[in-house]
Amino acid sequence: MTDFASIAPLLEGQAIELPSWAFGNSGTRFKVFGSPGTPRTVEEKIADAAQVHKHTGLAPSVALHIPWDLVDDFAALSEYAQGLGVKLGTVNSNTFQDDDYKFGGLTHADAKIRQKAIDHHFECIDVMNATGSQDLKIWLADGSNYPGQADLRGRQDRLHDSLSKIYDRIGDEQRLVLEYKFFEPAFYHTDVPDWGTSYAQVSALGDKAVVCLDTGHHAPGTNIEFIAMQLLRLGKLGSFDFNSRFYADDDLIVGAADPFQLFRIIFEVIRNGGYGPANPDGTSPVAFMLDECHNVEGKIPGQMRSVLNVQEMTARALLVDREALTAAQDAGEVLAAHQILMDAFYTDVRADLAAWREERGLPADPMKAYAASGYQEQIEAARVGGTQMSWT
Ligand code: LRH
Ligand code: MN
């Protein structure tokens, strides 16, 4: 098995983008709980995200969601973020909360409604131009609840038409990232339900259009790492929305529900060239982002635990003896090959990672360092009054 020292350099520069909405209140259809210290402004969300990067060194950017994070001056917001050591990242559109989109947005039968949804994406691209963001991420709630309710084919053709108009507006250094989800809020069909549909739609647009794989958006029992491999093989895996789940789109801390699945997914990303500075500008072809909601746990510690889980499983996946694995696979040595992967997964890298952090001026135990920093007490005392931010 490979030793930690030889993979340590590959951990340099790992970047996991944080979702601004994870710092606001979120919940379920039953209840959205508030909590002391929750941000009231976009700036306070970014300040909290900067704490995660300060203590882990793993989260240099924050994704925005429009209109949840709408401000008057995005260039000023970008400067504010940089003043805190982070940058503004992926811009997420939202065509799932406006009454006009009850029967869809980009797929709607009414051209006026489609144009309204397209214009919203043009607004998001204007935000990207102001913040210097690379990715426009599109997730659509569009779908239906009863067989016969919707013209499945007509909606796909309208979706292509709408996406083409958006694609023509994105810049040369920008990407359109289409996220799929197999159900919810629609309960019969969803217009972008799976990787194949997203792949078909983005391939019809061009090179700047790629797929987003949200780990909570698959039917139970789906082999997600196989999908990651295939999209990487096809050169169309643009980003991950990382989280974990026991049942549906639970948006729990990544690696909490199934650390072995996270390990397997990251191993396939590494094996298929999706990890590390593969792009000429040093960025990785695949953007790693969290997409989570901390309904009952602390939001800043929740985000910290998440990026640390991704880092830990990345280190374990990098320990896989690839040469020995390929030899065993090619020789049909079933259990030997399986053992090679399991040896890496069962390797406890936590002490090595603690030392690796200290060598880089980071706290050995970021969770403990944050708890001791007094930041949580400070924001709970300071953030009194005003309206806590949430996604409803
Ligand atoms: C949809 C989704 C999408 C976001 C939203 C917050 O379930 O995963 O990525 O827009 O969560
Ligand atoms: Mn998502």
Worksheet entry | Relative contact order, percent, the chain [alpha-carbon distance under 8 Å, six or more residues apart] | 21 percent
Item to complete: For the chain, just say rounded, prolate or oblate: build the C-alpha gyration tensor, square-root its eigenvalues into a ≥ b ≥ c, call rounded for a/c under 1.5, and beyond that prolate if a/b exceeds b/c, oblate if not.
Response: oblate
Worksheet item: Relative contact order for the range 1-156 using alpha-carbon pairs under 8 Å, separation at least 6, rounded to a whole percent?
Response: 19 percent
Worksheet entry | Gap separating the Cα centres of the range 9-76 and the range 244-275, nearest whole Å | 21 Å
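Report the FRET efficiency, 1/(1 + (r/R0)^6), for D343 and R233, where r is their Cβ-Cβ distance and R0 is 25 Å, rounded to 0.05. All intermediate terms of the calculation are to be shown ahead of the outcome.
Details: r = 26 Å, r/R0 = 1.04.
Calculated transfer efficiency: 0.45.
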Response to the item:
When the chain is treated as a Gaussian network with springs between alpha carbons less than 10 Å apart, the largest mean-square fluctuation among A219, A382, A59 is found at A382
Fill in: Rounded if a/c under 1.5, otherwise prolate or oblate - the range 175-291, Cα gyration tensor axes
oblate
Worksheet item: Got a sec to turn the phi values of the range 98-115 into Karplus ³J(HN,Hα) couplings, 6.51 cos²θ - 1.76 cosθ + 1.60 with θ = phi - 60°, whole Hz, x for Gly and Pro?
Response: 9, 3, 5, 9, 4, 10, x, x, 5, 9, 4, 5, 8, 4, 5, 5, 4, 5
Discussion item. What whole-number distance in Å separates the alpha-carbon centres of the range 156-178 and the range 341-358?
Written reply: 41 Å
Worksheet entry | Along the chain, longest interval not containing exposed trypsin sites (Lys or Arg not before Pro), exposed being DSSP loop plus at most 12 other Cβ atoms within 10 Å | 103-359
Response to the item:
For A76 and K368, extending 7 Å from Cα along the Cα-Cβ vector and measuring point to point gives, in nm, a value of 4.2 nm
Item to complete: Could you work out how far the C-alpha centroid of the range 95-149 sits from that of the range 288-335, in angstrom?
Response: 33 Å
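Return one whole number: the accessible area per residue of the chain in Å², for a 1.4 Å probe.
Details: 17050 Å² over 392 residues.
That works out to 43 Å² per residue.
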Practice prompt. Enumerate the amide H contacts of R175 below 5 Å, restricted to partners 5 or more residues apart or on another chain; note that Pro and chain-start residues carry no placed amide H.
Written response: D135, L136
Worksheet entry | Calculated diffusion of the range 226-278, Stokes-Einstein form, Kirkwood radius summed over Cα pairs, 10 °C and 1.306 mPa s, µm²/s | 135 µm²/s
Fill in: Exceeding the 29 Å Cα-Cα cut-off - candidates K45/K181; K31/K112; K116/K299
K31/K112; K116/K299
Discussion item. Students often get this wrong: which residues of the range 232-255 have the backbone nitrogen under 16 Å from the point 7 angstrom along Cα-to-C-beta of K87?
Written reply: none
Discussion item. Please list, in order along the range 252-257, the HN-Hα scalar couplings obtained from phi with the Karplus expression 6.51 cos²θ - 1.76 cosθ + 1.60 (θ = phi - 60°), rounded to whole Hz, x for Gly and Pro.
Written reply: 7, 4, 4, x, 6, 7
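Note the full-extension length gain between F187 and Q115 as 0.36 nm times their separation in residues minus their Cα-Cα distance, in nm to one decimal.
Values: separation 72, 0.36 × 72 = 25.92 nm, distance 2.52 nm.
Full extension from F187 to Q115 adds 23.4 nm.
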Worksheet entry | Rough spin-label spacing in nm, given labels placed 7 Å along Cα→Cβ, for D99 and R29 | 2.0 nm
Worksheet item: Mean separation of Cα pairs under 8 Å and 6+ residues apart, divided by the residue count of the range 291-392: what relative contact order is that in percent?
Response: 23 percent
Practice prompt. Report, by chain and number, residues whose modeled amide H sits under 5 Å from the one on K87, excluding near sequence neighbours (fewer than 5 apart, same chain).
Written response: S61, V62
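The values are calculated or read from the model by the stated rules, or taken from the named source; none is laboratory data. Values in this document were obtained by computation on a predicted structure and should not be read as measured data. Here the Cβ is made from the backbone with ideal geometry for all residues, glycine too, and neighbour counts use every protein chain on show. The accessibility values were calculated without ligands, DNA or RNA, using every heavy atom of the protein model including side chains. Shrake-Rupley method; radii C 1.70, N 1.55, O 1.52, S 1.80 Å.
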